[in-house]
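The values are calculated or read from the model by the stated rules, or taken from the named source; none is laboratory data. This one's a predicted model, so the numbers in the text were calculated from it and none came from an experiment. A quick note on method: Cβ atoms are made from the backbone with ideal geometry, for glycine too, and the neighbour counts reach across all protein chains shown.
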Amino acid sequence: MPDGRRPGGADPGVTLTCLWLQTATMQAMVSDRVDLNIRALPADVHRALVGRAAARGMSLRAYVVEVLSEHAALPTVDEWLAEVAALPAARTTVPATELLDADAAERDAGLSGREHVG
């Protein structure tokens, strides 16, 4: 065809773009990994991350994946509070004031045995 279109009027560039998008979508559906792009990352944050990665002998990508994975594994404050609220109540026959006084006395005894540097 003189205008570069395939029979049926499909533009080859559009067809390839659609094919690429379909392939990328299918890969995302079967993969347990996704790409993450961060725009406008402050230069000082980038330098700090690069330095920390280098200090651990890691690539920036591997270091950032590790940091984000560790962070994602932590519960949010709301999740943690829900976990704590679900715990059974502590039972004791000793009044709380006695426990606090004993803790304070133990802490004071530990401090009195140390030399203070002035």
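So here's what we get for this one:
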{"read-out": "Counted residues, segment 35-45 - those being under 15 Å from residue 68 (Cβ atoms) and either outside any loop (DSSP other than H, G, I, E, B) or touching a residue at least 60 places away in the same chain (Cβ under 8 Å) (or both)", "value": "1"}
{"read-out": "Whichever residue in segment 81-118 is polar (S, T, N, Q) and modelled with pLDDT under 90 and, among such residues, is surrounded by the fewest Cβ atoms within 10 Å (Cβ to Cβ)", "value": "93"}
{"read-out": "Segment 90-99 - residue that is in a loop (DSSP other than H, G, I, E, B) and among the aliphatic types (A, V, I, L, M) and, of those, farthest from the chain's Cα centre (by Cα)", "value": "94"}
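For (1) in a helix (DSSP H, G or I); (2) farther than 23 Å from residue 36 by Cβ, each residue gets a yes or a no:
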| position | (1), (2) |
| --- | --- |
| 58 | no, no |
| 70 | yes, no |
| 88 | no, yes |
| 101 | yes, yes |
